[in-house]
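Inspection log for the structure reproduced underneath, given as structure tokens.
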């Protein structure tokens, strides 16, 4: 039986296809080839930026599962990154291999996520956000105390050596790029499949109306805790990889501003969308460098000095407000409009919510 058209779906399997259009497969092949080329064509600085984006993607898709799919607000994502990083410090000082440290950091993050998720069984909304914020400051205090006990000071940082992965040393940006690209791709594939499974559908039901979800037989408490555990695991793994990549871990890096930046990624990219989380990670991660680039063209740019940092943080808030006002569905909605335009070209149509009677 032939399909009646590119837009009409006659079964659940058709509506659940990952790449429903023929050109999607071609587009994926082109994107994969383009992702393999940057280390050959770009300088170390731009490869470093791409590595930073890939680390952000691993962490933000986990937060998107928690907030975008399950509807649980969290201001403690930076704390999970810190837990992964400092677990790496502890295990590295014990000379534990790299291939063991990464999953161990994820397990420690999962345990913390389970503990932090317990208040979600009773709290919701602003009260849940405050509880995760309290956890953030508690974790920062613990890691700062630990850092001061093993280092020269509470702000000096702890240095790590380059890891070895099955005999190959990850010592330069180009080697790290391919390793992080594979790690980010596996994470995205895992999250996409999880969001389309029974677990993902249960999370979306809880997000839309938890009372109705419970009435349908969904174990709300179980799935809320599972969302926290999954999100914290991915964040801790990203924190562990970032610690190895940067070769230094300091508690001063895991601030509330970092947690807000990750929330900005899913707001700007599109809440409840894996592709939107990727778009948001790219946009927010590269935004400070874009601000620096623009300041270089300003007359007498040297006069601005350290003010650029304040402008960088302020621009994140500005874009959060702009997207909430003018495009609440984020960058991914802009992408869908462009995609729909080319799919239906040369015909024009008006969205149903804008159609006048």
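Just so you know, all these numbers are worked out from the coordinates, no wet-lab data involved. Every value quoted in this text rests on a predicted model; they were computed, and no experiment measured them. Here the Cβ positions follow ideal geometry from the backbone for every residue, glycine too, while neighbour counts run over all protein chains shown.
The Kirkwood hydrodynamic radius of the range 30-136, based on inverse pair distances between different Cα atoms, is 16.1 Å. Estimated purely from DSSP H runs of n ≥ 4, each contributing -39500 (n - 2.57), the mean residue ellipticity at 222 nm for the chain is -22500 deg cm²/dmol once divided by its residues. Computed from the C-beta positions of residue 171 and residue 216 and an R0 of 45 Å, the FRET efficiency is 0.30 to the nearest 0.05. The residues 53, 332, 142, when put in order of fewest to most other Cβ atoms within 10 Å, stand as 142, 53, 332.
Using only alpha-carbon positions in the range 79-180, the gyration tensor eigenvalues give semi-axes of 30, 18, 12 Å once each is multiplied by 5 and square-rooted (largest first). For Cα extents along the principal axes in Å, the value computed from the atomic coordinates appears in the list [x] 50, 49, 45; [y] 75, 49, 31; [z] 70, 55, 45 under label [z].
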